[in-house]
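Accompanying notes for the structure given below.
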Amino acid sequence: MNSVDIDSILALSYLDVPEDQKKTFSNQIRRILDYMSVLNKVDCESADSRLETPMVARDDSPVVFEHALVKENAPDYRPEGFAVPKIL
Amino acid sequence: MSSLLNIQEKIKKKDVSCEELIRSTLDEITTKNKNLNAFIDVFDTRAISIAKAQDDAMAQGKAVKPFAGIPFAIKDNMCLEGELVTCASKMLSGYRSPFTSTAVLNMINAGFIPVGRTNMDEFAMGSSNEYSVYGPVSNPWATGHVSGGSSGGSAAAVAAGMVPVALGSDTGGSIRQPASFCGVVGVKPTYGRVSRYGLVAFASSLDQIGPFCQHVKDAALVTQVLSGFDPNDSTSEPNVEPLRGDNLNLTSLNGQRVGIPNQLMSNTINASVRMAVQHAIEHMENLGAHISYFDFPFVDEALATYYIIAPAEVSSNLSRFDGVRFGYRHASAGTLNDMIRSSRDHGFGDEVKRRIMLGTYVLSSGYYDAYYGKAQHVRRLITQTFSDLFKTYDIICSPTAPTTAFKKGENTNDPMQMYLSDIATIPVNLAGLPGVSIPCGTDDQGLPIGFQLVGRWFDEHRIFDVAQCLEHSIGFNPKFSQIGGHNGI
């Protein structure tokens, strides 16, 4: 992974790390990804599809949750909602 | 420290009141925490008030909850209504939970009293408890060494005799590895046995809540209390035979078929650890177990699989921390995007950022199939391999960790080395199996060594039965802990 890659991953991750730390992160992630190469040797043809995890998503109805702490935990709560900086 | 049943008996006989017990526990925490940093908060007013109410109920002859008056600690990633829950992160500083997690509620409903929050690696990501915004936890056996992680505060609190029970969460070994390092019993139940509702999500397909205790029987009793179907967790298993932690009765291991993976007894494991584990295996054999060794083909592959799947889930789960509705918001004069990026940059620590980046990378277009898709296939193969192994064996045993507790700072600059300390525990999470770590000896520095027992899905009862039998045979004495004590109980 080169510095261009790390910038693209940072953008996708919604992270913004200082310039001097990018190389450290990049090297560490590269080393971890190198370790992942052991998976290339695994033949997955025999993986039994019957052991697939069943789908656990449900059609739950949304429940309105009201609690005073919801407002207190908000960095900037106003009666009309959560205030954020301008989008553009 | 006395067992839960002994404490229960003393309370029932009124040898000690609930309030006295809670006050002595709070004193013990105050005294010992200066050296350990295991607790980051105590609920003193709340705990004393509950204890007084329980004493009043007993005085009036009302029905008493089975574990009334017994204190327990909560890892800082489980919600308790009205109390702070921060995951040891600046990102959640000041956040108070508006609801209580099911596991904690089950404990409270059984009479246990929450006395405080324990330290942990930030968002449960780490194996040493050095990645905490509150600073590292010290190992009670040697304070210059780590407690293990990520539930290091809970492990140290129980090892030091501050509380008889503490809750932790285990995603890749975060209960069993610190239990091993601190010389206590740690339980990772089968995925789906204990509700995850109210546990701040790290990797949802792997996370599971479990207890730390000083005795196997206590751990079995607490696991029973924690267990049960919960409609609030879609992965909670509804059709499971209830665990009977009060019914452990094996006195021999006759007929138990025990398998040992050769790869976890090789020279990649520290010599002292191998020796102690071999000694424990001999105890099992003397108790009548049939021991055999086998090759487990996916030890390195399991680690690689875990460090793809877990970070992938992290990158998704932690996307909710954006400084908009709750959590840390960095003052930024820019746009919404600038605010989100700078809040995440300043709110998360390095290990969390590393895992978010790794997870984002393996999920990104062009890399998804090569990493995430492949890892999901290997995970299925690992599960399948365990399923086949449990046709031959009743229990699979190994060291819990390849080393004893290492010195603080030894691995913090080498994430890969840190990840390797979970090599024996990670396969268990990937397959969703139950696993228990019990202490089985010490190394030449006097640091504890853990022995891991893994069973079939939802076969915790057998693991506890075998572990208790082995515990009695080994006779490990937790009193050797430097700071450990009896807390007056």
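Could you put A:Glu45, B:Glu285 in order, starting from the residue whose Cβ has the fewest other Cβ atoms within 10 Å? Intermediate results must be reported in sequence, preceding the final value.
Working: A:Glu45 7, B:Glu285 13.
Final ranking by Cβ density, sparse to dense: A:Glu45, B:Glu285.
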Compactness of the range B:38-197 as Cα Rg over 2.2 N^0.38 Å, two decimals
1.02
Beyond a 28 Å Cα-Cα separation, which of these cross-linked pairs lie in this structure: B:Lys13/B:Lys188; B:Lys353/B:Lys408; B:Lys188/B:Lys353; A:Lys22/B:Lys34; B:Lys32/B:Lys217; B:Lys75/B:Lys407?
B:Lys13/B:Lys188; A:Lys22/B:Lys34
Which of the aspartates and glutamates could a cross-linker span from B:Lys374 if the Cα-Cα distance has to be under 18 Å and same-chain partners fewer than 8 positions apart are dropped?
A:Asp34, A:Asp43, A:Glu45, A:Asp48, A:Glu52, B:Asp300, B:Glu301, B:Glu313
Given B:65-77, A:64-76, B:245-257, the highest-first ranking by average Cβ count within 10 Å works out to B:65-77, B:245-257, A:64-76
Cα-based reach from B:Lys10 at 20 Å (exclusive), listing aspartates and glutamates while leaving out same-chain residues under 8 positions away:
B:Glu19, B:Glu20, B:Asp27, B:Glu28, B:Asp55, B:Asp56, B:Asp218, B:Asp246
Two-decimal log10 I(q)/I(0) for the range B:334-465, as the Debye equation yields it once each C-alpha is a single scatterer, q = 0.10, 0.22 Å⁻¹:
-0.52, -1.26
Do me a favour and compute the ellipsoid semi-axes for the protein assembly as shown from its Cα gyration tensor, root of five times each eigenvalue, largest one first, whole Å.
35, 31, 22
Going by average Cβ density within 10 Å per residue, which order do the peptides B:432-440, B:144-152 take, highest to lowest?
B:144-152, B:432-440
Just to confirm a number: summing +1 for Lys and Arg and -1 for Asp and Glu over residues other than A:Tyr77 whose beta-carbon lies under 11 angstrom from that of A:Tyr77, what do you get?
0
Dimensions of the range B:115-239 along principal axes (Cα, Å, largest first)?
45, 30, 24
Mean separation of Cα contacts under 8 Å, 6 or more apart, over the residue count of the range B:329-466: relative contact order %:
20
Sequence-separation-based contact order of the range B:1-90, relative, with Cα cut under 8 Å and 6+ spacing, percent
34
Separation of the B:Ser319 and B:Leu336 label points, Cα + 7 Å toward Cβ, nm:
1.5
Assuming R0 = 30 Å, what is the FRET efficiency of B:Asn267 and B:Phe294, from their Cβ-Cβ distance, to the nearest 0.05?
0.95
Within 10 Å of the Cβ of an average residue in B:324-333, the count of other chain Cβ atoms is 4
Gain upon complete extension [B:Glu410, B:Asn232; 0.36 nm per residue less C-alpha separation]
60.0 nm
Taking the simple approach of a point 7 Å from Cα along Cα-to-Cβ for both B:Asp369 and B:Asp56, what is their distance in nm?
6.7
Each label point is 7 Å from the Cα along the Cα-to-Cβ direction; what then is the distance between the points at A:Val63 and A:Asn40, in nm?
4.9
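Using the C-alpha atoms of the range B:1-125, what convex hull volume per residue, in cubic angstrom, is computed?
Each residue corresponds to 114 Å³ of Cα convex hull volume.
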Around B:Gly359, under 13 Å between beta carbons, what's the net of Lys plus Arg minus Asp minus Glu among the other residues?
+1
Which whole-number percent gives the relative contact order of chain B, counting Cα pairs below 8 Å spaced six or more residues apart?
19
Kirkwood Rh for the range B:172-259 from C-alpha pairs, in Å, is 14.3
Mean residue ellipticity at 222 nm from the helices of chain B, using -39,500 (n - 2.57) per DSSP H segment of n ≥ 4 over the full residue count, to the nearest 500 deg cm²/dmol?
-12000 deg cm²/dmol
In a shell of Cβ-Cβ distance under 13 Å around B:Pro211, excluding B:Pro211 itself, what net charge do Lys and Arg (+1) and Asp and Glu (-1) give?
+2
Once Lys and Arg get +1 and Asp and Glu get -1 on their Cβ, which of B:Val16, B:Ala160, B:Phe43 lies farthest toward the positive end of the dipole of the protein assembly as shown?
B:Val16
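Quick note: the coordinates plus some simple rules give every number you see, no bench work behind them. Because the structure is a prediction, the values reported are computed rather than measured. A quick note on method: Cβ atoms are made from the backbone with ideal geometry, for glycine too, and the neighbour counts reach across all protein chains shown.
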